[in-house]
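*Asks:* There's a structure below that I have some questions on.
What follows draws every value from the coordinates through simple rules; no lab data is involved. Because the structure is predicted, anything quoted here is derived from the model rather than measured. Please note: Cβ atoms are built from the backbone with ideal geometry, for glycine as well, and neighbour counts cover all protein chains shown.
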Amino acid sequence: MKTTRTLLLALILGGALAGTASAQTSISAGIHIGPSGRASVDLGFFYDDLAPYGNWVQRPQYGWVWTPRVEQSSWRPYEDGHWAWTDEGWTWISDEPYGWATYHYGRWYDDPDYGWEWIPGDEWAPAWVSWQESDDYVGWAPLPPSVDFRPGVNLNVRLSPDAYVFVPSRQFLAPRVRDYVVSRAQYGQIFPRTRNVTRYNRVNNRIFNQGVAIERIQRVTGRQVTRYQIADLGANDRHRGARIVQNRVTIFRPQVQNVRVAPPPDRPAARRAVVAQRQQVRTQRQEVQVNRQQQTRQRVQVERQRAQNQQWQAQAAQQRAQRQQRQAEVHQQRAENQQRQAQAHQQRAQGHQQRAQAQRQKANQGNHGNNGNGHGNHRQKPPKQ
């Protein structure tokens with residue numbers, strides 16, 4: 001084992017030595033190091049490596065697809081983990097042991113019978129998602145196999161709102177976005193207000209996931225977004241997930257050789273994960289039906305709540321109108337009282353003025369009477385005898 005590691009290190013550091021340019025050295029079952037120094041696998045490696053975490057089933061349209069074994073019927077891709085801004089755009093850092101493969105290669109499809117299925121692919125990307133955003137929310141959903149991309153062109157993706165994961169914009173960079181995922185019952189109100197911002201580019205033969213503008217995320221979160229550099233992670237650590245060390249995100253991202261390989265039933269490691277279609281369909285269909293029933297109940301509850309809110313709003317509006325009417329009546333009554341008080345004050349002032357005039361007239365008459373009697377009654381006293 002030590003000799004193998006030494007030989008591998010020599011090949012990586014020294015590149016392809018003369019005479020070994022086309023050779024490949026196996027470092028574990030199904031993983032090879034090619035002339036470029038990068039790890040290389042084929043589609044069979046997906047069959048074997050994902051077998052402990054799900055089931056393989058053959059579908060007429062897509063061939064062999066993988067379904068994860070999960071406990072929750074409401075499970076969706078790209079929900080257990082978080083986002084990081086890297087030199088290749090928005091990169092999904094999964095908390096699930098199979099995330100190195102299912103969130104960076106291939107496509108996802110929500111089968112009405114099986115639920116979520118992953119279709120293997122051979123091109124790596126930081127994430128294969130459709131982006132939607134509004135002023136208050138950011139959402140993403142796995143791209144289906146029918147969607148390809150043209151570099152530098154916004155993808156016009158039409159997916160069901162239930163396929164998306166929505167979080168408040170300010171929580172987009174949370175280390176566990178699952179803790180902030182909005183209830184699906186609210187999607188009917190959120191999704192119509194969102195806009196499509198799905199955009200991929202190809203830079204130096206690498207896929208760049210543009211998606212949501214980083215300036216907007218920095219504005220709503222109120223902090224600078226760190227930009228990391230993607231680096232290769234060792235194959236032995238792939239199930240532990242990507243790692244963030246200082247300014248680097250290390251991810252296991254081998255080159256995938258699109259060659260013919262044995263299907264899962266013919267592979268010892270994957271055979272145990274192959275489930276009979278009838279059994280798989282019956283189980284998955286039951287889970288899908290339960291999930292849809294839950295969604296229907298949630299929608300009914302939302303509609304009831306919405307109707308109740310509208311009724312409350314109507315009652316509140318009616319109460320406001322009644323209060324405004326009462327206030328108007330009070331203002332009118334107050335104005336009438338003030339008018340009556342002004343009239344009464346004016347009448348009192350007129351009464352005071354009339355009494356004052358009467359008193360002055362009476363005083364004037366008294367003065368004239370006194371003056372006349374004084375002149376007529378003045379008599380000369382008789383002389384004393």
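*Asks:* Relative to the present Cα-Cα distance, how much length would full extension add between Q58 and R178 at 0.36 nm per residue of separation?
*Replies:* Separation in residues times 0.36 nm, less the Cα-Cα distance, equals 40.1 nm.
*Asks:* Given a cut-off of under 8 Å on Cα pairs at least six residues apart, what relative contact order in percent is computed for segment 25-79?
*Replies:* 18 percent.
*Asks:* Can you classify segment 102-229 as rounded, prolate or oblate using the Cα gyration tensor, where a ≥ b ≥ c are the square roots of its eigenvalues, rounded means a/c under 1.5, and otherwise it's prolate if a/b beats b/c and oblate if not?
*Replies:* oblate
*Asks:* Would you please give the residues with an amide H less than 5 Å from that of T198, counting only those at least 5 places away or on a separate chain, with H modeled from the backbone geometry?
*Replies:* Close amide H contacts, sequence-distant or interchain: W131, L155.
*Asks:* Compute, for segment 85-204, the length of the dipole vector about the Cα centre, with Cβ point charges of +1 (Lys, Arg) and -1 (Asp, Glu) only. Units Debye, rounded to 20.
*Replies:* Charge dipole, segment 85-204, about its Cα centre: 460 debye, nearest 20.
*Asks:* While we're here: At a 10 angstrom cut-off on C-beta neighbours, averaged per residue, how do the peptides 314-322, 107-115 rank from highest to lowest?
*Replies:* Packing order, densest peptide first, comes out as 107-115, 314-322.
*Asks:* Place the peptides 188-195, 157-164 in order of packing, highest mean first, counting for every residue the other Cβ atoms within 10 Å and averaging per peptide.
*Replies:* 157-164, 188-195
*Asks:* Separate question: Report the residues of segment 123-151 in range of a label on R202: point 7 Å along Cα→C-beta, backbone N strictly under 17 Å from it.
*Replies:* 123-128, 147-151
*Asks:* If each of N367 and A316 carries a label point 7 Å out from its Cα toward its Cβ, how far apart are those two points in nm?
*Replies:* The modelled label-to-label distance comes out at 7.5 nm.
*Asks:* For segment 210-250 and segment 309-373, write down the distance between their C-alpha centroids in whole Å.
*Replies:* 78
*Asks:* For V138, list long-range residues whose amide hydrogen, built 1.01 Å from N in the peptide plane, is under 5 Å from its own amide hydrogen.
*Replies:* For V138, whose amide H was placed from the backbone, the distant partners under 5 Å are V167, S169.
*Asks:* For the pair V245 and R195, what calculated FRET efficiency results from E = 1/(1 + (r/R0)^6), where r is the Cβ-Cβ distance and R0 = 56 Å, to the nearest 0.05?
*Replies:* For R0 = 56 Å, the calculated efficiency reads 0.95.
*Asks:* Modelled label-to-label distance, W75 and Q327, 7 Å Cα→beta-carbon offset: nm?
*Replies:* It is 5.7 nm.
*Asks:* 5 Å is the cut-off here: which amide hydrogens, built 1.01 Å from N in the peptide plane, fall below it relative to W64, excluding neighbours closer than 5 in sequence?
*Replies:* R59
*Asks:* Same structure, new question: Defining a contact as two alpha carbons under 8 Å apart and six or more residues distant in sequence, what relative contact order in percent does segment 148-289 show?
*Replies:* 16
*Asks:* Provide the gained length on full extension for the span N236 to Q341, in nm with one decimal, where the gain is 0.36 nm per separating residue minus the Cα-Cα distance.
*Replies:* 28.3 nm
*Asks:* For E123 and Q294, what is the calculated FRET efficiency with R₀ set at 35 Å and r taken between the beta-carbons, to the nearest 0.05?
*Replies:* Efficiency at R0 = 35 Å is approximately 0.50.
*Asks:* Using a 10 Å cut-off on Cβ atoms, rank the peptides 253-261, 91-99 from the highest mean neighbour count down.
*Replies:* 91-99, 253-261
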